[in-house]
Structure formats: structure tokens, C-alpha cells
1. Working only within the range 174-187, note down all residues that are hydrophobic (A, V, I, L, M, F, W, C) and either buried (at least 22 other Cβ atoms within 10 Å of the Cβ) or over 28 Å from Y104 (Cβ atoms) (or both).
2. Report, by residue number, each residue of the range 186-209 that is touching a helix residue (DSSP H, G or I) at 6+ places or on another chain (Cβ under 8 Å) and part of a loop (DSSP other than H, G, I, E, B).
3. Listed residues K151, K142, K97; which is exposed (fewer than 13 other Cβ atoms within 10 Å of the Cβ) and charged (D, E, K, R)?
4. Looking at (1) part of a helix (DSSP H, G or I); (2) modelled with pLDDT under 75; (3) of a type outside the set (S, T, Y); (4) exposed (fewer than 14 other Cβ atoms within 10 Å of the Cβ), which one does K54 not meet, given that it meets all the others?
5. Report yes if E100 is modelled with pLDDT of 80 or more, in contact with a Gly (Cβ under 6 Å, 6 or more places away or on another chain) and over 15 Å from Y34 (Cα atoms), otherwise no.
6. May I ask you to verify whether A170 is touching a residue at least 40 places away in the same chain (Cβ under 8 Å), crowded, with 20+ Cβ neighbours inside 10 Å and not assigned by TED's automatic domain parsing to the domain that holds D84?
7. Given (1) surrounded by 18 or more Cβ atoms within 10 Å (Cβ to Cβ); (2) part of a loop (DSSP other than H, G, I, E, B); (3) over 13 Å from the mean Cα position of the chain (by Cα), identify the lone condition not met by N157.
Amino acid sequence: MLLMMKGDELNKKIKEIVKKYKENLEEYILDLYYEEKYEDLRSEIEIVNSLQSKKEMKLKEIKEENIRLSEQVEVEVKDKDLRDRASELQKIVEKRKDMEGFEYLLRRHYVKSNKSQVDLANRANVDYTILNEILNNKRELKTISKDYIIKLCLGLNLNIRESQELLMSAGYVLLGVSERELFIRAAIQEELNITDTNLVLDMNGMKLL
């Protein structure tokens with residue numbers, strides 16, 4: 001009975017957060033889109049400039065370039081609907097995935113947590129062998145799923161910003177276009193463990209992590 005009461009109260013709290021997320025979903029995705037689209041264009045420009053000339057850009061040129069890029073992003077986003085923006089954002093993030101960056105971030109959070117690999121595997125409800133391979137650079141990034149990384153985020157008690165950063169380094173992004181992702185975002189915000197997160201997902205008929 002106590003467990004059921006806890007589940008009901010937790011579910012109610014998470015649903016309230018999800019409702020607020022829905023109200024601000026467009027703004028949330030748009031902010032992420034602008035940031036990642038800008039960085040994507042910035043990277044392309046830097047590659048072109050490095051090929052054309054080895055001279056350093058002057059401060060004035062850098063400011064002008066930043067303004068131009070910002071205006072370009074605004075023009076490109078103007079006629080896109082929310083799902084188009086979300087889809088393009090996912091493609092940008094996937095293109096910029098970086099195994100070394102992912103391994104560095106994960107190891108940094110792991111060391112900071114002061115947890116053993118066995119403890120983290122238990123807290124995240126993941127296979128210890130796979131976790132050991134990832135932490136020892138013996139696992140390809142393409143074999144690590146989005147849900148697996150989300151479970152690590154919960155096991156490491158990462159906040160939303162840290163979780164998003166780790167996911168993006170692996171080519172994923174937690175948006176909230178799907179109902180399930182909104183609940184997962186809320187679970188991370190509320191620092192739920194994997195058990196409580198799955199409890200809420202199950203109560204709402206969603207796939208468990």
C-alpha cells in the first residue's frame with residue numbers, strides 16, 4: 001500500500017512537470033536548435049577558412065561573421081515547424097558525435113561520482129561487462145543506445161545539462177517530441193533513480209528503460 005501511494009504521488013508530480021514541459025516545448029527545442037545549428041555552421045566556416053588561408057581572423061571579422069551566421073540561422077529556422085526543427089537538430093547532433101568526447105565526459109562523471117563500476121552498473125541497471133568495456137575504450141559508440149546512456153545519466157545522478165551534454169557527445173539529444181522523452185526529462189530533473197523512473201514510465205504505459 002505504501003509503495004502504491006508513493007507511486008501515485010510520484011506520478012502526479014512528474015505529470016505536472018511534463019505538463020509544463022509541453023507548454024514550453026517549442027521554446028526549448030528552438031533554443032537547442034539555434035545553439036547547435038550555429039555551432040554546425042561555425043564549424044563549416046572554420047574548415048573553409050582553414051583551407052583558404054592560415055591567417056588569423058581579426059576581432060572585427062569574427063564579430064561580423066558571428067552576426068552573419070546568427071542571421072542565417074534565423075532565416076533557415078523561420079519556415080520550419082517544430083518536428084522539422086527537431087529532426088534537423090537530431091541530424092546535426094548525430095553528425096557531430098565524438099567517441100573520444102563521449103568517453104572523456106563519461107569517465108569524468110564516473111570518477112567524480114566515487115562509485116565503483118559494479119555500483120554504477122547496479123544503480124543504472126546496466127550490464128557490468130558492457131559498462132566496463134565502455135569505460136576502458138573497448139566499445140564502439142554505434143553499439144551504445146540512447147536508452148543505455150540515459151540509464152547511465154540516472155545512475156550517475158546527472159542534471160539535465162550534464163545529461164544532454166553526454167547524450168549529444170554520443171550523437172543523441174533528449175528533446176521531448178515524444179511523451180516518453182518528456183517523462184524521462186522530468187525524471188532527470190527530479191533526480192529520480194532508475195527504479196522510480198521505470199515505475200512512472202510503467203504507470204503511464206510507456207517502454208521501460
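1. Narrowing the range 174-187 to residues hydrophobic (A, V, I, L, M, F, W, C): 174-175, 177, 182-184, 186-187.
Answer for the range 174-187, where residues must be hydrophobic (A, V, I, L, M, F, W, C) and either buried (at least 22 other Cβ atoms within 10 Å of the Cβ) or over 28 Å from Y104 (Cβ atoms) (or both): L175, V177, L182, F183, I184, A186, A187.
2. Residues of the range 186-209 that are touching a helix residue (DSSP H, G or I) at 6+ places or on another chain (Cβ under 8 Å), as a first pass: 186-190, 192-194, 196-197, 199-201, 203-204, 206-209.
Passing the criteria: E190, L192, N193, N204, M206, K207, L208, L209.
3. Every option except K142 fails the conditions.
4. (1) is the only condition that K54 fails.
5. So E100 fails the test.
6. Working: touching a residue at least 40 places away in the same chain (Cβ under 8 Å): yes; crowded, with 20+ Cβ neighbours inside 10 Å: yes; not assigned by TED's automatic domain parsing to the domain that holds D84: yes.
Criteria met by A170.
7. (1)
Conditions (1) out of contact with any Asp or Glu (no Cβ under 8 Å at 6 or more places or on another chain); (2) at pLDDT 95 or above, marked per residue:
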{"position": "K142", "(1), (2)": "yes, no"}
{"position": "K151", "(1), (2)": "yes, yes"}
{"position": "L158", "(1), (2)": "yes, yes"}
{"position": "G171", "(1), (2)": "no, no"}
{"position": "E191", "(1), (2)": "yes, no"}
{"position": "T197", "(1), (2)": "yes, yes"}
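The values are calculated or read from the model by the stated rules, or taken from the named source; none is laboratory data. Since this is a predicted model, take the numbers as computed values, not measurements. A quick note on method: Cβ atoms are made from the backbone with ideal geometry, for glycine too, and the neighbour counts reach across all protein chains shown.
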